[in-house]
Amino acid sequence: MGAKIGLILSFLFVIVTFLFASDLMNLQIIYTNLDAVATTAGHLIIESGGITQEIVEFVNLRANATINCLEFCSPRFGDTYIYNVTTTYESIFMSKDPLTISITRSVVIGYYR
């Protein structure tokens, strides 16, 4: 009888561990995708001189996220433009509330390699 209860309890522990690990994997996938989109958006911001409607649509389409300017929203040539790309994640096990994933980047307007 004790072995059956131990087996049932160990299955519960394995299920909880599996759910937690799947949340961590999903967070890593979302963060990696958000990082790639933020980097690409940075290149587009350099070319256009700021956040345009095309960049907002690009970020929304590729990562289901929003992009916001944090500082120097009306930049001149050579200014550092700081922006933020944010999305939310509805976790399976970690939290009842949606988790906010945010990446902050900066670019120099008009700088090309």
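None of the figures in this text is laboratory data; all of them are computed from the coordinates on show. Remember, it's a predicted structure, so these values are computed and weren't measured experimentally. Glycine also receives a Cβ, built like all others from the backbone with ideal geometry; neighbour counts cover every protein chain displayed.
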Over the chain, what is the mean sequence separation of C-alpha contacts under 8 Å (at least six apart), divided by residue count, expressed as relative contact order in percent? 26 percent
Of the candidates Leu27, Leu61, Leu12, which one comes out as most mobile in a Gaussian network treatment of the chain with C-alpha springs shorter than 10 Å? Leu12
Can you give the charge dipole size of segment 8-113 about its Cα centre, rounded to the nearest 20 debye, using +1 on the beta carbon of Lys and Arg and -1 on the beta carbon of Asp and Glu? 140 debye
